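Shown next, in structure tokens, is the structure this report addresses.
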Amino acid sequence: MSDIKISASGDVQTSWGWFLALGILMIIGGVSAVFAPFLVSVIVEQIVGISFVAGGALMLVQMFTTKDGWNARMIYLILGLFTTMAGALLLFRPLEGLVAITLILIAGVFVSGLIRIAMGIAARPETGSGWVIFGGILSVLVSGYLMMNYPEISVALLGLMAGFSLIGEGAGYVRFAYGLKSNAARAT
């Protein structure tokens, strides 16, 4: 922690107000997202769709520009078409896209929980390994709860996760800003 304080330049420490403002804006955005989760879920899903279409188009361009031979060209063609089609489906069928993305997200939370449980067990008797196991169990339980409420939860889950993520990130920036402020005050 002291290394971070030492490496922070005077300019960063004196501009703590910008970090505070960023944190507050992120918290406000996160709270707004929590109160309008469907709208935010659709926006997130549309951003993913646009990213897929753009990535697929770039793979199709890569198919014509690569000098790696026909095998590479066929891979770029297949991946480019699949990615572009997946993005188009997300853009033109947003509710079905939300259901699909939510299922993938629930599976990801479940697998992440299982991995954390295994890591925590493998790390025993190290300090904190119990918390890793607890976090993994919590993830598995949350994924089970979400699965029991699937597909109804699909219309709100992405928005809620984005909102809570923004709130957490914003709180981190607010804390960081106050740390910079106190370091700047001590330096003078």
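Annotations for the structure displayed:
- Qualifying residue in region 88-100 (condition: modelled with pLDDT under 95 and β-branched (Val, Ile, Thr)): yes
- Checked against the criterion of being among the charged types (D, E, K, R) and surrounded by 15 or more Cβ atoms within 10 Å (Cβ to Cβ), region 109-117 has at least one qualifying residue.
- Qualifying residue in region 112-120 (condition: assigned to a helix (DSSP H, G or I) and among the charged types (D, E, K, R)): yes
- Condition check for GLY159: open to solvent by less than 40 Å² (accessible area, probe 1.4 Å) and on the phi > 0 side of the Ramachandran plot: no
- Pairs where the first residue, in region 15-28, is in contact (Cβ under 8 Å) with a residue 12 or more places away in the chain and assigned to a helix (DSSP H, G or I) and the second is open to solvent by 40 Å² or more (accessible area, probe 1.4 Å) and among the small types (Gly, Ala, Ser), C-beta under 7 Å, 6+ apart: GLY23/ALA171; ILE27/ALA171
- Here region 140-163 is the region considered, the condition is being part of a helix (DSSP H, G or I) and touching a Phe, Trp or Tyr at 6+ places or on another chain (Cβ under 7 Å), and the residue that is farthest from VAL34 (Cα to Cα) is VAL140.
- Of all residues in region 176-188 being more than 14 Å from ALA21 (Cβ to Cβ), open to solvent by 60 Å² or more (accessible area, probe 1.4 Å) and assigned to a helix (DSSP H, G or I), the one that is modelled with the lowest pLDDT: ALA187
- Candidate set: region 28-47, residues that are open to solvent by less than 50 Å² (accessible area, probe 1.4 Å) and β-branched (Val, Ile, Thr); chosen: the one nearest to LEU95 (Cα to Cα): VAL42
- Any chance GLY55 is without any contact (Cβ under 8 Å) to a residue 24 or more places away in the chain and not basic (Lys, Arg): no
- Residues of region 86-141 classified as in contact with a helix residue (DSSP H, G or I) (Cβ under 7 Å, 6 or more places away or on another chain) and among the basic types (Lys, Arg), total: 1
- Evaluation of LEU81 against (1) without any contact (Cβ under 8 Å) to a residue 24 or more places away in the chain; (2) in a helix (DSSP H, G or I); (3) open to solvent by 90 Å² or more (accessible area, probe 1.4 Å) (one fails), failing number: (1)
- Pairs with Cβ under 9 Å, 6+ apart, first in region 143-172 and within 14 Å of GLY29 (Cα to Cα), second assigned to a loop (DSSP other than H, G, I, E, B): GLY159/ALA36; GLY163/ALA36
- Selection from region 119-172 of residues that are among the hydroxyl-bearing types (Ser, Thr, Tyr), under 22 Å from ILE47 (Cβ atoms) and in contact with a Gly (Cβ under 8 Å, 6 or more places away or on another chain): SER165
The values are calculated or read from the model by the stated rules, or taken from the named source; none is laboratory data. It should be emphasised that the depicted structure is a prediction, and the values quoted were computed from it without experimental measurement. Note that each Cβ is placed from the backbone with ideal geometry, even for glycine, and that neighbours are counted across all protein chains shown. With ligands, DNA and RNA removed, areas are computed over all heavy atoms of the protein, side chains included. Shrake-Rupley method; radii C 1.70, N 1.55, O 1.52, S 1.80 Å.
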